[in-house]
Each structure stands twice: as C-alpha cells, then as structure tokens.
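Read the structure below first, then the notes.
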Amino acid sequence: MCIDCGCAGPDPHHHHDEPQLGKTVRIEEDLLAKNDRLAAGNRRLFDGHGLFVLNLVSSPGSGKTTILEKTLGDLKKKLAFAVLEGDQQTSNDADRIAATGVPSHQINTGAGCHLDAHMVGHGVEHLDLAGTDILMIENVGNLVCPASFDLGEDFKVSVLSVTEGEDKPLKYPQMFRASDVLLINKIDLLPHLRFDLEKCKEYARRIHPGIRILEISCYSGEGLEPWYQWLCEQVARKKAAQGK
Amino acid sequence: MHELGIAQSIVEIAEKNARQQGAKRVLTVTVEVGVLAGVLPEALEFCFDACCRETLLEGSRLRIQQIPARARCRDCHQEYELKSFFDNCPACDSTVGDQLSGEELRIKEMEID
Ligand SMILES: Nc1nc2c(ncn2[C@@H]2O[C@H](COP(=O)(O)OP(=O)(O)OP(=O)(O)O)[C@@H](O)[C@H]2O)c(=O)[nH]1
Ligand SMILES: [Mg+2]
Ligand SMILES: [Zn+2]
C-alpha cells in the first residue's frame, strides 16, 4: 500500500521518492470553499425574498420530474412556484415543466454530474424571484455527487423509488445524510416487488436519525397530501421568518 | 465524477497562490482527502492531470493524503475508526457517535519552482 495516497500497489505514475528542489508553500484551503461561498450568496438572495427552496436529488428515473409535474398541477393555484431543471443534456424535463405553465429554466451541465452554486446563481437570473413563494431545483440524476454541493437551498429532498431496492440509503449514505426529507416514490408498484419498506425506512434512519420520510405514488396520488401539507407549512414558516 | 470539479478547484487555488509567489511552475500539490469525503483518489488524479494542461501546474504531481474517519462514542467516550457512516461503537455497540474526521477535502501545500 502506498502510504502517500493509500493506493493499492506499485503504479507507474507514482514517484514518491523523486527528489524535489522546490520551495514548499502552505495553503490550507477547503476545496469546496468556493462553492460554499457562492451557496451562501444564493441563500442570502433567497432569504431576502422569503423564498423557500428545495434541492431534489435522486438516481436517474426515480420520479423527480413527475413529482414536480404532479405537485405543480395540484398546488399552483395556492403557491407561486418556479423551477430550475438540471440535466446533462436535453431540455426534456424543462419542457415537461413548461407545459404546466409554471416559470422554469433549464441548466445543462454538459459533462457535469451535479449542479453547483455558481450554475444556480446564474440560473435564477432567468426567474422572477420576487413574485415566487417556492423554488424547486431538480438536480442531475445521480446519488453521489450532488450530496457535496450546497446550492443555497433550505433542504435537500431525496427521492428513492421502490424499484431501486431498499438498501440504497446504506449504499449512498452521503446523500441520505445530507437530505432532510426522503420521498419513497412509486409505492403503487409495491404489490409487484419484493421491496421491504420498513427496512428501507430503518436504513434511512440509521444514516440520518431525524430524516422525515413520506411514502408517495404519483400515479395513484397516494401519500401526496402530507407532502403538500409539509410544503405549505414550510413556505409559511419561511415567509414568517423573513417578515414577509 | 465530481472529481473533475474538485480537480479544477485544486488547479485554480494552486495557480492563484503560485502567481502570488512569483513561481515559474508548480512541482507538487498535496491535498487531504477524508476516506468518507466521497472522492475517489484514482479519479481525482486522472482529472487533475487533465486540468493541469496549459497552466503553471503542467507536469506537476498530485499527492493525496487520505485521512481516516474517526468517531467518539457518546455513551462510553471510546474513540474508534469508522469504516462507514453507520458503524456502531466497537466497545459498547452504541449507535451514536460524533464524527471527528474523515470528510476532509483540503488543499494543504505545494512545492513551487
Ligand atoms: N409506477 C410509477 N411510475 C412512476 C411514478 N412516478 C414516476 N414514474 C415513472 O418513472 C419514470 C421516470 O420518471 P421521471 O419523473 O422522468 O424521473 P426523474 O427522476 O425526473 O428522471 P431524471 O431526470 O432522468 O433523473 C417515468 O416513466 C414516470 O412515469 C409513480 O409514482 N409510479
Ligand atoms: Mg427529471
Ligand atoms: Zn461506546
């Protein structure tokens, strides 16, 4: 084992014993500091508007866009929404959101596997935040990378669909630890699967004891009411906190 | 593959500091990466080499120091190594521990010429 970097064996691109003649400069800077700084800027902007912001994270296809479509359709008369859509390619999701009539903007990350605070800061320039109660940010489908990048949101919401298996919280602990809410989606499919719902919840709580877990189906509508209620409460709380 | 973004930050920070020092080039950069930081050392090295091109870091070497994850048990105060976020205390099997290290992601120092 290489003691410098922990790599497993001899490797041609390692030359740890090569003499160096350079001068050593100490830096001590956090590598996520820049993102964290920009995220703090976004948060100040959102707070200034009394705007409640969620960052939706999940593996590809667990239903983030469908949850948004359903939520916007059911609540848009009650709350003023705006949506930021993050995808590596295409504007498919943004087109689906646009069809609901809610203002949205698409961020294509290209090779990037996650949204970062810089992209979101520019993304919201395309939206009218002053007239908005709640901003939903759909992150790139990926259970790993988005966990490390604060966007300035109030909460991360993880979506896990029952077709993915109940062990995902243990396999991707960073994500579930960073999330305040877990939506277990597609519960209409449970009769066809061997998905252990109780185990899934136990795993999620093992990683994150305080996590709020809601079981939903966008197809049957089951479980959506508590989700909507939570959204309305949080929007009211945020406005009250900012004296709006 | 957020290692690409991390590698870009390393190059950015190192280059800024190297310019301030009036360096001709950067020879090595040392970073500390916690074992639970969610970063793959091999991927980071790979991306680093790509990001160094046409900068003061061209041809430089990345040294990755892995930081073990440790926690202290809230019940018996024993310190122990964490292999994952949800390890119980090996002494008393308690599930509650305070993490002390293991999520570092920091550029530490560099050698310049
Ligand atoms: N059975 C069932 N299918 C669902 C449900 N919600 C979403 N789906 C289906 O799951 C598939 C993926 O849904 P999307 O909403 O596109 O998933 P996504 O998370 O936005 O995907 P990416 O943006 O590509 O990461 C679609 O075919 C949806 O119709 C549900 O509650 N039940
Ligand atoms: Mg989507
Ligand atoms: Zn103990």
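The values are calculated or read from the model by the stated rules, or taken from the named source; none is laboratory data. Treat the numbers as computed from the prediction; the structure is a model and nothing was measured. Backbone-built Cβ (ideal geometry, glycine too); neighbour counts: all protein chains shown. The protein model used for the area step is the full one, side chains on, heavy atoms only, and it has no ligands, DNA or RNA in it. Shrake-Rupley method; radii C 1.70, N 1.55, O 1.52, S 1.80 Å.
Assorted remarks:
- Search result, residues across the stretch B:22-33 that are open to solvent by less than 30 Å² (accessible area, probe 1.4 Å) and closer than 13 Å to A:G22 by Cβ: B:A23, B:V26, B:L27, B:T28, B:V29, B:T30
- Search result, residues across the stretch A:34-91 that are basic (K, R) and either within 16 Å of ligand 3 (Cβ to nearest atom) or touching a strand residue (DSSP E or B) at 6+ places or on another chain (Cβ under 9 Å) (or both): A:R43, A:K64
- All conditions but one from (1) open to solvent by 70 Å² or more (accessible area, probe 1.4 Å); (2) modelled with pLDDT of 95 or more apply to A:K34; the one that does not is (2).
- Subset of the stretch A:189-216 that is in a helix (DSSP H, G or I) and either open to solvent by less than 50 Å² (accessible area, probe 1.4 Å) or within 16 Å of ligand 2 (Cβ to nearest atom) (or both) - its residue that is farthest from the other protein chains (Cβ to nearest Cβ): A:L190
- Positions within the stretch B:66-81 being open to solvent by 50 Å² or more (accessible area, probe 1.4 Å) and away from ligand 3 (no atom under 16 Å from the Cβ), in sequence order: B:Q66, B:P68
- Qualifying residues in the stretch A:140-162 (those that are open to solvent by less than 10 Å² (accessible area, probe 1.4 Å) and of a type in the set (S, T, Y)) - the one nearest to the other protein chains (Cβ to nearest Cβ): A:S158
- Every listed requirement among (1) open to solvent by less than 90 Å² (accessible area, probe 1.4 Å); (2) not in a helix (DSSP H, G or I) is met by A:Y219 save one, (1).
- Only one entry in A:V181, A:V157 is within 16 Å of ligand 2 (Cβ to nearest atom) and within 29 Å of A:K239 (Cβ to Cβ), namely A:V157.
- Taking the listed residues A:D154, A:D116, the one that is under 15 Å from the mean Cα position of the chain (by Cα), among the charged types (D, E, K, R) and at pLDDT below 95 is A:D116, with no other qualifying.
- Unique residue being closer than 27 Å to A:P169 by Cα and surrounded by fewer than 20 Cβ atoms within 10 Å (Cβ to Cβ) when the list is B:L40, B:L44, B:L36, B:L105: B:L40
- Selection from the stretch A:110-139 of residues that are at the interface with chain B (Cβ under 10 Å from one of its Cβ atoms) and aliphatic (A, V, I, L, M): A:A111
- Selected residue (only one of B:R19, B:R63 is basic (K, R), within 9 Å of chain A (Cβ to nearest Cβ) and open to solvent by 20 Å² or more (accessible area, probe 1.4 Å)): B:R63
- Qualifying residues in the stretch A:39-62 (those that are open to solvent by 50 Å² or more (accessible area, probe 1.4 Å) and outside any loop (DSSP other than H, G, I, E, B)) - the one nearest to A:E164 (Cα to Cα): A:R43
- The stretch A:47-69 - residue that is within 18 Å of the chain's Cα centre (by Cα) and among the charged types (D, E, K, R) and, of those, farthest from ligand 2 (Cβ to nearest atom): A:E69
- Top-ranked residue in the stretch B:82-93 [being loosely packed, with under 14 Cβ neighbours inside 10 Å and within 14 Å of chain A (Cβ to nearest Cβ); ranked as farthest from ligand 1 (Cβ to nearest atom)]: B:D93
- The listed residue being modelled with pLDDT of 95 or more and open to solvent by 50 Å² or more (accessible area, probe 1.4 Å), out of A:K171, A:K77: A:K77
- Residue selected from the stretch B:53-98 under the condition under 23 Å from the mean Cα position of the chain (by Cα) and of a type in the set (S, T, Y), by the criterion nearest to B:T30 (Cα to Cα): B:S60
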